[in-house]
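Colleague: Sending over a structure as structure tokens; questions will come in a sec.
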Amino acid sequence: MSSCIAFIGGGNMASAILGGLRRAGHPAEDLLVVEPMAAQRDRLQDEFGVAALAEADASLSRAATVVWAVKPQLFQEAAAPVAPFIGQALQLSVMAGLRTDAIAAATGGARVVRGMPNTPALIGAGITGLFAGTGVSEADRAVVDALLRPTGRTVWVRQESDLDTVTALSGSGPAYFFYLIEHMIAAGQALGLDEAQARELALATCAGAAALAQQSDESPAQLRAKVTSKGGTTHAAISRLDAEGVGEAVRHAVAAAHHRAQELGDEFGRASGSR
């Protein structure tokens, strides 16, 4: 069976997966990218040694797996010339919003997995939520897990609508932490540190707290309580966050992202003629 993997689109997420595959020893000759932008094709060829095509052609027929990594609004245009060659392939989509039935309808393929990765995949520290369409076997799931392993962890959800929650929580989630770090740095500067000092302290604190939470058997609430002595500095800060409604704002922010993910799925479903 062919081990060729074809990527439709060669942007950041495709590059993250390609880089992981190459580091894991996947042969360059078994990797193929369709990317219309010449500068991007040159970068992919130089960085990963892979063949990069300006447009789809019959060489896609040898792909056992196809990774869809174009912008979702460009999918219909990209799918038309690709579909004649990939009907039997396992398809993995990392496009936001596009549902498995829309992808299957546009490509004629029954084996469609939809994934929602996040940007830490670029350094192998990501997490991807995955949903398997009805034509996907356990063996296909294993192929997808292996393909994404170099980018971080994977979590399979039971129903496709759960991917809207994955999008809101982990897909968009890194931006929430960048936002927090941004304001922690600004606060440190306002209180007298220079930018480099504030940045180093904020980044190390966030990274260390995340690592501790991952390695601990205690819940985040328990870990927080352990460093929040009544009347102390942390207590003063947490009390102010509670008074400002920050916890509620976080829940509302995730809910807003979830709602928008649902809207995008509906919009792209209508555009493809599938619901």
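Colleague: Quick check on the stretch 212-231. Is at least one of its residues under 21 Å from the mean Cα position of the chain (by Cα) and among the small types (G, A, S)?
Modeller: There is no residue in the stretch 212-231 that is under 21 Å from the mean Cα position of the chain (by Cα) and among the small types (G, A, S).
Colleague: Of the residues in the stretch 54-94, how many are hydrophobic (A, V, I, L, M, F, W, C), free of Cβ contacts under 8 Å to residues at least 40 places away in the same chain and in contact with a Leu (Cβ under 9 Å, 6 or more places away or on another chain)?
Modeller: 1
Colleague: Restricting to the stretch 117-167, what's the tally of residues that are among the hydroxyl-bearing types (S, T, Y) and part of a helix (DSSP H, G or I)?
Modeller: Summing the residues that are among the hydroxyl-bearing types (S, T, Y) and part of a helix (DSSP H, G or I) in the stretch 117-167 gives 4.
Colleague: Okay, moving on. Please state which one of L92, L122 is at pLDDT 95 or above and either in contact with a Lys or Arg (Cβ under 9 Å, 6 or more places away or on another chain) or not β-branched (V, I, T) (or both). Outline the logic, then answer.
Modeller: Details: L122 fails: at pLDDT 95 or above.
Just one listed residue meets the conditions, L92.
Colleague: Please work out which one of (1) over 30 Å from Q73 (Cα atoms); (2) assigned to a helix (DSSP H, G or I) is the condition V250 fails and give its number.
Modeller: (1)
Colleague: Within the stretch 60-69, does at least one residue satisfy the condition of being assigned by TED's automatic domain parsing to the domain that holds I103 and part of a loop (DSSP other than H, G, I, E, B)?
Modeller: yes
Colleague: Can you go through D101, D140, D164 and tell me which one is of a type in the set (D, E), under 13 Å from the mean Cα position of the chain (by Cα) and surrounded by 15 or more Cβ atoms within 10 Å (Cβ to Cβ)?
Modeller: D164
Colleague: Check T128, T205 and return the single one that is hydroxyl-bearing (S, T, Y), surrounded by 13 or more Cβ atoms within 10 Å (Cβ to Cβ) and touching a residue at least 12 places away in the same chain (Cβ under 8 Å).
Modeller: Testing whether each residue is hydroxyl-bearing (S, T, Y), surrounded by 13 or more Cβ atoms within 10 Å (Cβ to Cβ) and touching a residue at least 12 places away in the same chain (Cβ under 8 Å) leaves just T128.
The values are calculated or read from the model by the stated rules, or taken from the named source; none is laboratory data. These numbers come from a predicted model, not from an experiment. Heads up, the Cβs are rebuilt from the backbone with ideal geometry, glycines too, and the neighbour counts pull from every protein chain shown.
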